[in-house]
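The values are calculated or read from the model by the stated rules, or taken from the named source; none is laboratory data. Keep in mind the model is a prediction, meaning the values are calculated, not measured. Every residue, glycine as well, gets a Cβ built from its backbone with ideal geometry; the counts of neighbours run over all protein chains shown.
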Amino acid sequence: MKAMNYYSFILVFIGLMGCQTNTATKQSVTYYFDAETGKNTNNGLKESEPFKDFSTIKTLTLQAGDTLKLKSGVTFQEMLQLKNIGHGWDKPLVITSTGKEKAIIDAKGFANGILLENVSNVKVENIQVEANGGAITKDMKMRCGVLYTTSSDGDYENVTLEHLIVKDIFCNAPGLERGKDEVVTANGTQSYGWGIRVLLKNQASVLKGLKVSNCTVHNVAHTGIKLTGGSKHSIQDFEVDHCNVSFTGGPGIQMSKVKKGHIHNNHVDHSGSDNDSRKWGRGSGLWTWGSDQVLIEKNKFTNANGPGDSAGAHIDYNCNNIVLQYNYSSNNAGGFLEILGNNYNCSYRYNISVNDGNRTKGVDGAFQEGKVFWLSGFQGKKARKGPFNSYIYNNTIYVNKDITAKIAVDKATKGVYVANNIFHFEGEAKLVLGDQYTPDKGGTSEVENVFFKNNVFYQKSNWPKEVLIQPSASHFVDVLFANKSGNELKDFTPTNIEAIKNKGIAIEKIQNDSIGLIYGLDLKYDILGNEIADQPSIGAIEVF
């Protein structure tokens, strides 16, 4: 009995010591910064005794759960940078403003507004960043509002950028003239300002758990939000959501060498903007390259501009399993549906396109036709190949009488499924050739494994007879949109119920395709959130 009491005492003692140890664990610390009233001789631990500038950050021993608070409404004329922290933390370091009003980082003359290098478990929120020109060095190729990058091997994780405003990001001072040939280059060759950029420079680095949410990116020289892996698919498990991206000189959102992403509820407007001579002046609302398993849904892509590219959202080459669904695409010069070469099992489904592809080659410097429907084998300098197993169904595509609906299908295409779509072209429709840097030379070979049935056309001339894939079992009828001059999803609800209700067919795998779509071929809801009937309607909106 005495022995048992002794051991019981030892166990209780150990437990109490454990509690003492846990209690002694370091508490999270908040550091304050105020460029107007702060002093670097302060300890920064009270809002009334803040640091003055960010140079003090490197002297701090930052740990999990710490917070850096920038004085709301105050402008910091410098760059905020964090390097080599956060690995293995169970809570993020948070960088934010002291109140609802955003602190402002003016990085004019600096390389970046915020630089995060080799960091994990960091959250940056509620800050405004701008950088309108300033001094640049001869070798300086970019200035970023926010730049995440890697210079060391390693697995990095959990980086969140939230409720940021990134605006007016330019490398050069106003008045720069780039020259007429710059916009024709593949991605621009000169110095540009970028909004939010994730660039893994180290080839042996991987970033998982990136989240860019509720950010506004406006008026930047090149791309608004750009993610670039260092090696194949090295940015993984990421999300970009509820962002507003507008008047970017290049694309709105662009991803290369990424995997397992969700891009949703964003609005990209006026990508490829040329309202400032410092801008590139060309770019799709969104595009992917060399990527796998990206779901792009519930976004709006409007008013993309440029002499080439500049679709609402397109799938560039070397991609697998990219699915665009429930998106609204309108007035994009380059077009709506664009799937390039060496792409496998990609899809456009349950989207609405309005007056996309309105560009005419040779007019106002355009070197590519706008195309409402484009399957291209282009894969850079390699021989044309694919795309393979493209699923195109239940889209509603409207083009008014003032626009020629242009269509291009490459003879290298293999595996196409086109069903349950509404092709409502009020004007002329015509075949054009793919016209990238190595143009499609045309030809008459037969495309393999084509299923092109059960679509609604406004008139028989809506699909040119010269196109390599031809429809069958089609319906020719005016679906009578509720308001074809509108700009809301509901405006493109067909009122000719009888023409489309329960007229859709079940979607099946393409012949010889064992995969289909990784997200499944069947959807439960339409673009408006209506439940889809067992036998669906034709088009993106289920009618009742």
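Annotations
Yes/no matrix, rows are residues, columns are (1) in a helix (DSSP H, G or I); (2) at pLDDT 95 or above; (3) among the polar types (S, T, N, Q):
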| site | (1), (2), (3) |
| --- | --- |
| E498 | yes, yes, no |
| I505 | no, yes, no |
| Q511 | no, yes, yes |
| I515 | no, yes, no |
| L521 | no, yes, no |
| G529 | no, yes, no |
| S537 | no, yes, yes |
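- Filtering K260, K208 for residues that are among the charged types (D, E, K, R), in a strand (DSSP E or B), out of contact with any Gly (no Cβ under 8 Å at 6 or more places or on another chain) and on the phi > 0 side of the Ramachandran plot leaves a single hit, K260.
- Count of the stretch 306-326 residues which are assigned to a loop (DSSP other than H, G, I, E, B) and within 18 Å of I507 (Cβ to Cβ): 1
- Residue within the stretch 154-169 that is part of a loop (DSSP other than H, G, I, E, B), farther than 30 Å from W280 by Cβ and either over 21 Å from the mean Cα position of the chain (by Cα) or modelled with pLDDT under 95 (or both) present: no
- Residue satisfying all of: in the stretch 195-217; crowded, with 17+ Cβ neighbours inside 10 Å and farther than 15 Å from E162 by Cα; nearest to the chain's Cα centre (by Cα) among these: L199
- Condition broken by K453, with the remaining ones in (1) closer than 26 Å to T493 by Cα; (2) of a type in the set (D, E, K, R); (3) modelled with pLDDT under 95 satisfied: (3)
- Test: N84 is touching a Gly at 6+ places or on another chain (Cβ under 8 Å) and under 26 Å from S151 (Cα atoms): no
- Test result for V220, buried (at least 22 other Cβ atoms within 10 Å of the Cβ), touching a Ser or Thr at 6+ places or on another chain (Cβ under 7 Å) and either hydroxyl-bearing (S, T, Y) or in contact (Cβ under 8 Å) with a residue 40 or more places away in the chain (or both): yes
- Inter-residue pairs, beta-carbon under 8 Å, first within 16 Å of I104 (Cβ to Cβ) and touching a residue at least 40 places away in the same chain (Cβ under 8 Å) and in the stretch 49-75, second of a type in the set (V, I, T) and assigned to a loop (DSSP other than H, G, I, E, B), 6+ apart: L70/T98
- Checking each residue in the stretch 126-155 for being farther than 26 Å from T67 by Cα and among the hydrophobic types (A, V, I, L, M, F, W, C) picks out A135, I136, M140, M142.
- Tally, over the stretch 34-48, of residues that are among the hydrophobic types (A, V, I, L, M, F, W, C) and either touching a helix residue (DSSP H, G or I) at 6+ places or on another chain (Cβ under 7 Å) or without any contact (Cβ under 8 Å) to a residue 40 or more places away in the chain (or both): 1
- Criterion: surrounded by 14 or more Cβ atoms within 10 Å (Cβ to Cβ), under 30 Å from F367 (Cβ atoms) and not small (G, A, S) - qualifying residue of I169, I127, I165: I169
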